[in-house]
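**Student:** Before anything else, here's the structure in question.
Read the figures in this text as sums done on the coordinates, not as results from a lab. None of the values given here were measured: they were computed from a predicted structure. Neighbour counts are summed over all protein chains in view; Cβ atoms, including those assigned to glycine, are modelled from backbone coordinates with ideal geometry.
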Amino acid sequence: MEKIKIQNIPFGPFPTVIVGAEVKGTPNYATVGAYGVVSMKPILYVSLKSTHHTTVGVKKNGYFSVNIPSSDLVKKTDYCGIVSGKTVNKSEVFTSFYDELGNAPMAKECSMNYLCKVVKTIPMFDFEMFLGEIVAVYVNEDCLTEQKPDPLKINPMIMMNSRYCDLGREVGTVFKSGLELKK
Ligand SMILES: Cc1cc2nc3c(=O)[nH]c(=O)nc-3n(C[C@H](O)[C@H](O)[C@H](O)COP(=O)(O)O)c2cc1C
């Protein structure tokens with residue numbers, strides 16, 4: 001197969017998550033693709049535009065949540081990425097719940113929720129990259145298999161080139177699928 005060189009922009013794939021923050025006493029949610037794990041220590045990062053409403057709350061409280069929407073929440077997920085809490089109250093989009101360990105709202109309707117405490121902030125052009133230590137994790141009971149989150153039950157979305165896709169099916173096992181290629 002021939003390789004075609006295309007434009008130098010990040011097409012993805014990106015995980016699709018919803019970042020929650022308490023802003024001026026009101027829960028706010030923003031859709032984020034710039035999310036990931038930083039190390040095997042329980043640290044996640046989200047990168048938020050400095051001007052976002054959510055960013056104000058993360059900076060003020062030092063806590064944010066990362067909510068993993070299942071694919072059936074695609075409309076609400078996209079909506080939280082279209083409108084800003086600066087002009088539209090997004091607190092009713094999800095049912096918020098809290099953990100005593102930190103002031104950030106978590107979205108009950110999302111299958112999985114991380115509560116994170118900001119441990120480092122890295123400015124990056126017009127964005128701020130928040131590194132957050134995971135202080136609590138919640139998962140819907142029906143999304144667990146043997147007490148661990150089950151990807152096919154959670155069915156998260158990835159996005160690439162403006163398209164949301166769900167997982168569809170399992171294609172391999174981590175640290176096992178590649179073993180047969182090992183010499
Ligand atoms: C699929 C998708 C992914 C997005 N990813 C990011 C992101 O990684 N970082 C970011 O700052 N904004 C991202 N946005 C844009 C924000 O979600 C959007 O501007 C939102 O309205 C901000 O809301 P707020 O002002 O209430 O915080 C994304 C939007 C969509 C639809």
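**Student:** Against the condition more than 14 Å from the ligand (Cβ to nearest atom), surrounded by 15 or more Cβ atoms within 10 Å (Cβ to Cβ) and aliphatic (A, V, I, L, M), how does I6 come out, does it pass?
**Tutor:** Judged against the criteria, I6 is not a match.
**Student:** Within 16 Å of the ligand (Cβ to nearest atom), under 20 Å from M157 (Cα atoms) and not in a strand (DSSP E or B): is that true of D78 in this structure?
**Tutor:** So D78 passes the test.
**Student:** Please work out which residue is farthest from the ligand (Cβ to nearest atom), limiting yourself to the stretch 56-75 and to residues that are farther than 24 Å from L101 by Cα and aliphatic (A, V, I, L, M).
**Tutor:** My answer is L73.
**Student:** Same structure, new question: Please give the number of the condition V19 fails out of (1) crowded, with 24+ Cβ neighbours inside 10 Å; (2) touching a Leu at 6+ places or on another chain (Cβ under 8 Å); (3) more than 21 Å from L101 (Cβ to Cβ).
**Tutor:** In the conditions (1) crowded, with 24+ Cβ neighbours inside 10 Å; (2) touching a Leu at 6+ places or on another chain (Cβ under 8 Å); (3) more than 21 Å from L101 (Cβ to Cβ), V19 misses (3) alone.
**Student:** Still on this structure, I have one more. Have a look at C165, C143 and point out the one that is in contact with a helix residue (DSSP H, G or I) (Cβ under 7 Å, 6 or more places away or on another chain) and either over 29 Å from K117 (Cβ atoms) or surrounded by 10 or more Cβ atoms within 10 Å (Cβ to Cβ) (or both).
**Tutor:** Checking each option against the conditions leaves just C143.
**Student:** Another question, if that's okay. Are any residues in the stretch 30-55 assigned to a strand (DSSP E or B), within 6 Å of the ligand (Cβ to nearest atom) and either on the phi > 0 side of the Ramachandran plot or hydroxyl-bearing (S, T, Y) (or both), and if so, which ones?
**Tutor:** T31, S47
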